[in-house]
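To start, the structure itself, in structure tokens.
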Amino acid sequence: MTIPNLITILRLLLVPAVVLAMLQSRWDWAFVGFVVAGISDGVDGFIARRWNQSSRLGAYLDPIADKLLLVSVFVVMGFAGELPPWLVVTMVSRDGLIVCAVLLSSVMSHPVEVKPLFVSKANTAAQIVLAALVLGELAFALHLGPLRTALILLTGVLTVASAAAYLVAWLRHMSGYGEGSQTSNSQTGDTKSGNVKSGGSSTGA
């Protein structure tokens, strides 16, 4: 077990702690937990690159830990009335769409590699900033209404754009697979047809 993986696992354990603090309206502790999780994300990435401790397990665990934290925070904020329901539903639906697309392509024996797009990175950054802003507002009794509204709208637009970009990429991937299969079947059929004709001609001779 590498050090980056241990840090990622600790970040996973922070998720229920942050959620519990939010449910108990301990926004100060929730804010601290969220910030610590964000810092740990940067630390484990730095260690993995600096001392060549990257691993296949870490490649899966790291995005899972990040997404689990963000989704959990957004869902609780939605129930608490701190974020509009439409934004929470859009975010969860987008992630669900990606997961379903990956699973479907795997079931069809044509797995797709999910590569972070620029719009996806921008979307994640907006979500992190929005979550930190709202937690900070609640923890320190600040009032940043216009800024929060602007970030909510920006995050919503980027979430929809990110979902659309991934959907288009997935459809192109699967369309290419379908065309490839048809081409392969067509070629197989031609070959079989050629064998029959050749056989018939040979027999007739």
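The values are calculated or read from the model by the stated rules, or taken from the named source; none is laboratory data. Small disclaimer: the values here were computed from a predicted structure and weren't measured. Cβ atoms come from the backbone with ideal geometry, glycine included; neighbour counts cover every protein chain shown. To get the accessible areas, we keep the full protein, side chains included, count just its heavy atoms, and leave off ligands, DNA and RNA. Shrake-Rupley method; radii C 1.70, N 1.55, O 1.52, S 1.80 Å.
Looking at Leu103, Leu97, Leu68 in this structure, which one is in a helix (DSSP H, G or I), over 11 Å from the mean Cα position of the chain (by Cα) and not acidic (Asp, Glu)?
Leu103
Counting just the residues of the range 51-104 that are open to solvent by 30 Å² or more (accessible area, probe 1.4 Å), in contact (Cβ under 8 Å) with a residue 24 or more places away in the chain and among the charged types (D, E, K, R), which one comes out farthest from Ala126 (Cα to Cα)?
Asp62
What do you reckon, is Leu130 of a type in the set (A, V, I, L, M, F, W, C), assigned to a helix (DSSP H, G or I) and modelled with pLDDT of 95 or more?
yes
Looking only at the range 106-153, which residues are under 30 Å from Met174 (Cα atoms), open to solvent by 70 Å² or more (accessible area, probe 1.4 Å) and either under 17 Å from the mean Cα position of the chain (by Cα) or not small (Gly, Ala, Ser) (or both)?
Of everything in the range 106-153, those that are under 30 Å from Met174 (Cα atoms), open to solvent by 70 Å² or more (accessible area, probe 1.4 Å) and either under 17 Å from the mean Cα position of the chain (by Cα) or not small (Gly, Ala, Ser) (or both) turn out to be Val107, Met108, Pro111, Glu113, Val114, Lys115, Pro116, Phe118, Lys121.
Is there a residue being within 24 Å of Val114 (Cα to Cα), in contact with a helix residue (DSSP H, G or I) (Cβ under 6 Å, 6 or more places away or on another chain) and not charged (D, E, K, R) anywhere in the range 25-40? I'd like the intermediate steps shown before the answer.
Here is the first cut: in the range 25-40, the residues within 24 Å of Val114 (Cα to Cα) are 37-38, 40.
Adding the requirement that they be in contact with a helix residue (DSSP H, G or I) (Cβ under 6 Å, 6 or more places away or on another chain) leaves 37, 40.
Keeping just the survivors that are not charged (D, E, K, R) gives 37, 40.
So far as the range 25-40 goes, yes, one or more of its residues are within 24 Å of Val114 (Cα to Cα), in contact with a helix residue (DSSP H, G or I) (Cβ under 6 Å, 6 or more places away or on another chain) and not charged (D, E, K, R).
Name the pairs whose Cβ atoms lie under 6 Å apart, with the first residue in the range 1-22 and closer than 27 Å to Glu137 by Cβ and at pLDDT 95 or above, the second part of a helix (DSSP H, G or I) and open to solvent by 90 Å² or more (accessible area, probe 1.4 Å), and 6 or more positions between them or separate chains?
From residues that are closer than 27 Å to Glu137 by Cβ and at pLDDT 95 or above, the pairs are Ala21/Trp29.
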